[in-house]
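Q: Sending over a structure as structure tokens; questions will come in a sec.
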Amino acid sequence: MKIREYIKKEHANIKQQPKEERWQYFWDYYKWHVLAVILAIVLLVQGVISIVNRKEVVFSGILLNCAITVDDEAFMQGFYDLTEIDTKKQEAAFYTDVMLQDGSHKSDITSFQRIVAGITTKELDFVVGQTDSFRVCSYSAGGIFMDLRDFLDAETLERLSDRLYYIDGSVLKGLNAEPGTAVDTSLQSVPDPRKPETMADPIPVGIDISDREKFQSAYYFPNTTLYIGIITNTPRPELSRQFIDYLMQ
């Protein structure tokens, strides 16, 4: 008997069996096919739901060497209230998993490339860093941070004058590196960022937010020296200004 004839005969025999036995036969022979189809449907539905519920990122920043790797809901809600961001459709994204030390380690290069990628794609608005990491970013060839004189009004700059972090433009120009690459700058090789009077070309690029307890308790250990810099091509300058206002409250 040919296989085709055998299968046809088996099907005919099954049709004559009680309903329970027919179902058992079907399940024994086709359960894996059924389960595969069900799994495919579930994955498809989950994918559609994920796409539908995905929120638009309307503001983003990198928090270098962060102690806490999740967003603090209370801190974020205060910012949403200030900016009137529609949290049903929009969100701010704070990336807390990027580690950067003094720019000399292999892992630092990877982290720095991630920062540059966010700048290149115009997805990044600000970077927060501690003393070493912020210095590396500040003296990056090509410039990462915006000159705050072009970003904040004179009154705000005056109000924040005792918080401003400066780089020396003449030192930056003298660094021989490809644009967008990290530079290994030691504390001894660059002027004191809080003493612009010692610089040939002082440029304010950061703001000291070390005493902003609400932010620090949400993302860093207590008594951590922190600076924030606005990305030079931030696509959302107004939200960036509002974020600074929120931090300074």
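The values are calculated or read from the model by the stated rules, or taken from the named source; none is laboratory data. None of these values were measured; they are calculated from a predicted model. Every residue, glycine as well, gets a Cβ built from its backbone with ideal geometry; the counts of neighbours run over all protein chains shown. Heads up: the accessible areas ignore ligands, DNA and RNA and are worked out on the full protein's heavy atoms, side chains in. Shrake-Rupley method; radii C 1.70, N 1.55, O 1.52, S 1.80 Å.
Q: Through the Karplus equation 6.51 cos²θ - 1.76 cosθ + 1.60, θ set to phi - 60°, convert the phi angles of region 145-155 into ³J(HN,Hα) values in whole Hz; use x for Gly and Pro.
A: 9, 6, 5, 5, 5, 9, 10, 10, 6, 4, 5
Q: Let me ask something additional. Stretched out fully, how many nm does the piece from THR198 to PHE221 gain, at 0.36 nm a residue minus the Cα gap?
A: That works out to 5.2 nm of additional length.
Q: Measuring with a 1.4 Å probe in the full set of protein chains, what accessible area per residue, in whole Å², belongs to region 87-177?
A: 50 Å²
Q: Please list 83-92, 227-236 highest first by mean number of surrounding beta-carbon atoms within 10 Å per residue.
A: 227-236, 83-92
Q: Now, a different point. If each residue of separation counts as 0.36 nm, what is the full-extension length gain between LYS89 and THR121 once their alpha-carbon separation is subtracted?
A: Length difference between fully extended and current span is 9.4 nm.
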